[in-house]
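To keep things clear, I will list the structure first and then write my remarks on it.
The values are calculated or read from the model by the stated rules, or taken from the named source; none is laboratory data. On a predicted model such as this, the values are computed, not experimentally measured, just so you know. FYI the Cβ positions are ideal-geometry reconstructions off the backbone, even for glycines, and counts take in every protein chain you see. Accessible surface is based on the protein model in full, side chains and every heavy atom, while ligands, DNA and RNA are left aside. Shrake-Rupley method; radii C 1.70, N 1.55, O 1.52, S 1.80 Å.
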Amino acid sequence: MKSEKIPQNLPRHIAFIMDGNGRWAKKRFLPRKAGHREGVKAMRKIVDACFSLDIPYVSLYAFSTENKNRSEEEVRSLFSLIEEYFTKFMGEMLEKGIRITVMGDVSYFPENLRNTISEAIEKSRECTHGTLNIALNYGARDEILRAVNAAVEAGQKVSAEEFARLLYTADIPDPDLIVRTGGESRLSNFMLYQSAYSEFFFSEVLWPDFNKKHLYEILNDYALRERRFGKVKS
Ligand code: FPP
């Protein structure tokens, strides 16, 4: 089957905007948190599939700076899912040699969650099989402003390379492919600086329904794209 063909010419860095959890739940007359819980299951399978293909960098948009404005109940349920994910699956990640990195301002998170996140980052620091980069309380405008202010504080003009090192993704290459599920075609404040030459794929599938078959279809589509990075075809 075409979709099950192991894709060639894989991205080095794939990023996911995991949209559609709420609608998935609504369609089933379930609370939104049930959609997020199902979203975590999909997330685990997709992350596994990416690392099994030896894609070295995977980024996930798990909690945006704007998500803070959702109801207290939903924010709390997202916090507890993130906490559960880090505690339950950390061992698995370490066994697989996956380094965890986080981008975003986690100072806003409750102390127990901050400690769990720091522990995961610390324990996995030396892992080399792959990097799972999770966006938590992340917003690209916020990230760019922080970098600009850091440069201003240092009192020196910066080159593009130096500026990139002031971003959360300092040691992570730019995403080659950004996938957004849930039928919306926008970036929603995700990796605005890093996505200058990224390829995009917008899928109608709601995130909890997104599976390996959908991933392979997208990777096969990506493999056929011609990336010119602003240059003419050689
Ligand atoms: C968008 O769906 C999804 C989110 C705001 C949260 C994504 C989070 C997870 C999948 C789980 C938590 C993450 C980790 C790291 C354990 P939506 O709620 O905006 O859906 P809708 O557009 O259908 O309402």
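Under 18 Å from the Cα of K123, which lysines turn up, not counting those fewer than eight places away in the same chain?
Within the straight-line limit of under 18 Å, K123 reaches these lysines: K88, K96.
Are there trypsin sites (Lys or Arg not before Pro) in the stretch 141-234 that DSSP puts in a loop and that have at most 14 other Cβ atoms within 10 Å, and which ones? Walk me through the numbers on the way to the answer.
On the way: sites: R141, R146, K157, R165, R180, R186, K212, K213, R225, R227, R228, K231, K233; in loops: K157, R165, R186, R225, R227, R228, K231, K233.
Here the trypsin sites (Lys or Arg not before Pro) that fit, given the DSSP loop and packing criteria, are K157, R165, R186, R225, R227, R228, K231, K233.
Starting from the Cα-Cα distance between E92 and L53, subtract it from 0.36 nm times their residue separation and give me the gain in nm to one decimal.
12.3 nm
Calculate what fraction, in whole %, of the accessible area of the chain sits on carbon and sulfur atoms when a 1.4 Å probe is rolled over the protein chains. Present the calculation step by step, with values, prior to reporting the outcome.
Values: 6340 of 12580 Å².
Carbon-and-sulfur percentage of accessible area, whole number: 50.
How big is the shadow of the Cα convex hull of the stretch 131-234, averaged over all directions, in nm²?
Taking the Cα atoms of the stretch 131-234, their convex hull projects to 8.5 nm² on average.
Using helices alone, I'd like the mean residue ellipticity at 222 nm for the chain: each DSSP H run of four-plus residues gives -39500 (n - 2.57), total over residue count, nearest 500.
Value at 222 nm, helices only: -13500 deg cm²/dmol.
List the residues whose amide H sits under 5 Å from the amide H of S64, counting only those 5 or more places along or on another chain, with H placed 1.01 Å from N in the peptide plane.
N137, Y138
Quote the charge dipole size of the chain about the Cα centre in Debye, to the nearest 20; the model charges only the Cβ of Lys and Arg (+1) and of Asp and Glu (-1).
Result for the chain is approximately 700 debye, rounded to the nearest 20.
Check which residues have an amide H placed less than 5 Å from M18's amide H, if you skip close sequence neighbours.
Residues meeting the amide H criterion: Y61.
Tell me which residues come under 5 Å, amide H to amide H, from F200 once H is placed; ignore anything under 5 positions away on its chain.
I178
Leaving out ligands and nucleic acids, and using a 1.4 Å probe, what accessible area per residue does the chain come to in Å²?
Heavy-atom SASA per residue in the chain reads 54 Å².
How large are Rg and Dmax for the chain when calculated on the C-alpha trace, in angstrom?
17.8, 57
Let me have the relative contact order for the chain, percent, based on Cα pairs under 8 Å that are six or more residues apart. It would help to have the intermediate numbers written out before the result.
Details: 362 pairs, mean separation 74.7, N = 234.
Contact order relative to length: 32 percent.
Provide the solvent-accessible area of M18, counting protein heavy atoms only and rolling a 1.4 Å probe, rounded to the nearest 10 Å².
Here the accessible area works out near 30 Å².
In the chain, which whole DSSP H runs stretch at least 27 Å along their own axis (Cα) and average 1.6 or higher on the Kyte-Doolittle scale?
Helix filter hits for the chain: none.
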